[in-house]
Structure formats: structure tokens, C-alpha cells
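Visitor: Pasting a structure here, questions to come.
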Amino acid sequence: AQKITQTQPGMFVQEKEAVTLDCTYDTSDPSYGLFWYKQPSSGEMIFLIYQGSYDQQNATEGRYSLNFQKARKSANLVISASQLGDSAMYFCAMREGHRDNYGQNFVFGPGTRLSVLP
Amino acid sequence: DGGITQSPKYLFRKEGQNVTLSCEQNLNHDAMYWYRQDPGQGLRLIYYSQIVNDFQKGDIAEGYSVSREKKESFPLTVTSAQKNPTAFYLCASSITGTGPSSPLHFGNGTRLTVT
């Protein structure tokens, strides 16, 4: 079963506008972490933002914020004031807490390709 | 600066040859991982290691082998048994024992082409 779903294969946004990238997840573990990564065309994976399942507030890191709706199992990434350099693949990932000591506990979604238009 | 170094960036091999991808980290992380990424797709786990001299198969381990003789190093060998080895390979590391909050830190990847 797909644990991380990203329903938008591709998204376009105008420079300086905000954009939301969708992510839904599936887990029965009460303790988990949600992560977003950016992958530019050069290939490296850049860690953007983290949200813990017990966190009461939505995470923010500069222009990135995570819209965490626990009951809906949704963890959407919001990028404000888009820049041309934001054009990249974006991956949502989940780490389940109960398997932390056994590895093999990161699950990645298929990704969303964001294109920022000038 | 601490980080993960993967080498080489591009690798070309003939079919039937084994090839070893290097991954070195100086972050003092216990856990290391190898992922495979095919064009337009997400990451799939090949092998991971939580501690020196121990490693476990991931979801797509067939045709691959690893070793973990040092904490800093986790080389991946793509053997001739791997049916479709052409892909982008990413090495990662993370802290262990801190619950689900520790992110993966990635190297810059190795793009392997087998013809």
C-alpha cells in the first residue's frame, strides 16, 4: 500500500506567488515524522522542513511552511514568494517512530515537479 | 564542513561488470543508506546499516552488495546480477536513537550508466 501520496506530478507557479504542494500519508504509528526534500536538476537532495506527529504548531523554515492536518493525514508544503531557484522536484517523506531502531523506516512519495515562471 | 561524499559523479560500465560506488561521511552518523532513483520517480531503499559490520536489505537489494567496515564508509557494489543497473544512486546518513525526528542527509549522488 502506498504510504505517501503526492497527487500533483507537476505544478506551475508565477514568480513571487505562493504555491502549495500536496502530501498525504498513511500510518498507524502514533509517533512519526514528516519531511520535505528539494531535488534540483543537479540531483542532490536538500532537506527543507520537518514536522513531528506530536507538534502542536505547523513547522516553518524561512519561506517554507508545512500545513499539517493530522486528522486528514495531510502535510502540505507551502512555499511563499516563489523564486526561479525554487524550480525542482519536491519529495514528501515519512519516518515512523516504532521502527526507528531497525532502519528501513523512511518512505518517500513519488514527487512533484515545480516550475516557477518568470 | 561535515557532509557526505559520493564518488564518482558519473560512472559508465559495460554490461556484465561489477562496479563499486563510494560513499564517505564525516557527520559521525551511525546509520547509512543507499537509495536508487529512476527517472521521474521517487527513492527506493537498496541497503541500510545501523552500525559498523552490520547491514540489512532494503526493498530492492537483489543484485547489490554492501560492506560497512568503518563508520565513515558504506560502499555499494552493483553486480552483474542486477538486471537494470542504469540509475541515479544516492547515499544518505542519519543519527539514530532520537526517534522519528532525524532527517536523512544525502550525498550528491552517482549517475551510473551500463551499456
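The values are calculated or read from the model by the stated rules, or taken from the named source; none is laboratory data. Note that the coordinates shown come from a computational prediction; the quantities given were computed from them, not determined experimentally. Reconstructed Cβ throughout: ideal geometry from the backbone, glycine too, with neighbour counts over all protein chains shown. Note: areas computed on protein heavy atoms with side chains; ligands, DNA, RNA excluded. Shrake-Rupley method; radii C 1.70, N 1.55, O 1.52, S 1.80 Å.
Visitor: The conditions are (1) within 8 Å of chain B (Cβ to nearest Cβ); (2) under 10 Å from the mean Cα position of the chain (by Cα), and A:Gly43 fails exactly one of them. Which is it?
Guide: (2)
Visitor: How do the pairs read when you match residues in the range B:47-73 that are over 18 Å from B:Asn28 (Cβ atoms) with residues anywhere that are of a type in the set (Val, Ile, Thr) and part of a loop (DSSP other than H, G, I, E, B), using Cβ under 9 Å and keeping only pairs 6 or more apart or on different chains?
Guide: So the pair list comes out as B:Gly63/B:Thr79; B:Tyr64/B:Thr79; B:Ser65/B:Thr79.
Visitor: Among the residues of the range A:46-58, how many are open to solvent by 10 Å² or more (accessible area, probe 1.4 Å), at pLDDT 95 or above and either within 14 Å of chain B (Cβ to nearest Cβ) or not in a loop (DSSP other than H, G, I, E, B) (or both)?
Guide: Going through the range A:46-58 one residue at a time, the tally reaches 4.
Visitor: Which residues, counting only those in the range A:1-30, are in contact with a strand residue (DSSP E or B) (Cβ under 7 Å, 6 or more places away or on another chain), hydrophobic (A, V, I, L, M, F, W, C) and open to solvent by 80 Å² or more (accessible area, probe 1.4 Å)?
Guide: Hit for the range A:1-30 is A:Phe12, nothing else.
Visitor: To continue, here is another question. I'd like to know if the range B:94-107 contains one or more residues that are modelled with pLDDT of 95 or more, in contact with a Pro (Cβ under 8 Å, 6 or more places away or on another chain) and buried (at least 18 other Cβ atoms within 10 Å of the Cβ).
Guide: Among the residues of the range B:94-107, not one is modelled with pLDDT of 95 or more, in contact with a Pro (Cβ under 8 Å, 6 or more places away or on another chain) and buried (at least 18 other Cβ atoms within 10 Å of the Cβ), which makes the answer no.
Visitor: Would you mind finding the one in A:Ser115, A:Ser28, A:Ser82, A:Ser41 that is part of a loop (DSSP other than H, G, I, E, B) and in contact (Cβ under 8 Å) with a residue 60 or more places away in the chain?
Guide: A:Ser82
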